[in-house]
């Protein structure tokens, strides 16, 4: 992940020193669906094809994509079965993420994992970019209990889009997928996971009441506070074998 070297003055106790600090980069990208303007996204400038493909699928606008082109700050997603762009409403979500206001999907899955698998997923979430900056979120996607992709971004919503987009573009089965995430699990985050058809999400952070409610309705196993040898299962605990 590219980082910005920012000159700064660091104060430690009674000492002041000139340093160059690692800072995460954010930019604005214009997203198009079938050449129609869809949204402007604030994101880290990596994995942009994955970001575009994942956003379209995670917002329930298409079940898959045919192609993604990136040119400068424009991301163009093409999907034959995309729903007409004029028939939905946009909404601003917690943390400033942009989403589409529509009914979320429902997940049916027979996937069952062990508690040891929960800790294995969590162990992969920490990223080098976070260690250097403290300013990015990270999500990982496991498929068939193997790590498929890791994505970092200034926006927690974007990290979900990027790992799902990677799966869409590389033929990774989402039905056997597990997502691990550093971010808070709000309604918008859980809706993305539901639309992608993923049945288990594990977070180091907390959830909101709406996030828990949507996970329960959508058939998603929601696990939070997964750290230091513990975790809390809020919905559908039968997928975690004791």
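The values are calculated or read from the model by the stated rules, or taken from the named source; none is laboratory data. This is a predicted model, so every value here is computed, not measured. Cβ coordinates were reconstructed from backbone atoms using ideal geometry, including for glycine residues, and neighbour counts include every protein chain displayed.
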### Task
Could you check how many residues of segment 128-148 are in contact (Cβ under 8 Å) with a residue 60 or more places away in the chain and surrounded by fewer than 21 Cβ atoms within 10 Å (Cβ to Cβ)?
4
### Task
Identify the residue in segment 1-35 that is touching a helix residue (DSSP H, G or I) at 6+ places or on another chain (Cβ under 8 Å) and assigned to a strand (DSSP E or B) and, among all such residues, is farthest from residue 78 (Cα to Cα).
22
### Message
Restricting to segment 197-229, give me the number of residues that are under 18 Å from residue 124 (Cβ atoms) and surrounded by fewer than 24 Cβ atoms within 10 Å (Cβ to Cβ).
### Response
8
### Message
Tell me whether segment 131-139 contains one or more residues that are at pLDDT 95 or above, closer than 23 Å to residue 64 by Cβ, touching a helix residue (DSSP H, G or I) at 6+ places or on another chain (Cβ under 8 Å) and not assigned by TED's automatic domain parsing to the domain that holds residue 31.
### Response
yes
#### Entry: Single condition residue 235 does not satisfy, out of (1) under 18 Å from residue 62 (Cα atoms); (2) in contact with a strand residue (DSSP E or B) (Cβ under 7 Å, 6 or more places away or on another chain)
(1)
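To keep it simple, each residue is scored yes or no on (1) touching a helix residue (DSSP H, G or I) at 6+ places or on another chain (Cβ under 8 Å); (2) more than 15 Å from residue 106 (Cβ to Cβ).
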| position | (1), (2) |
| --- | --- |
| 170 | no, yes |
| 174 | yes, no |
| 186 | yes, yes |
| 189 | yes, yes |
### Task
Considering only segment 67-90, state which residues are out of contact with any helix residue (DSSP H, G or I) (no Cβ under 7 Å at 6 or more places or on another chain) and at pLDDT 95 or above.
67, 69, 71, 72, 73, 74, 76, 78
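When you go through 57, 77, 70 one by one, which is the residue that is buried (at least 21 other Cβ atoms within 10 Å of the Cβ) and free of Cβ contacts under 8 Å to residues at least 60 places away in the same chain?
From the options 57, 77, 70, the qualifying one is 77.
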### Message
Just to be sure before I move on: is residue 235 over 21 Å from residue 130 (Cα atoms), more than 14 Å from the chain's Cα centre (by Cα) and buried (at least 24 other Cβ atoms within 10 Å of the Cβ) in the structure I sent?
### Response
no
### Query
Going by the structure shown, is residue 145 at positive phi and in contact with a helix residue (DSSP H, G or I) (Cβ under 8 Å, 6 or more places away or on another chain)?
yes
### Query
Tell me, which residue of segment 106-119 that is within 19 Å of the chain's Cα centre (by Cα) and buried (at least 18 other Cβ atoms within 10 Å of the Cβ) is modelled with the highest pLDDT?
118
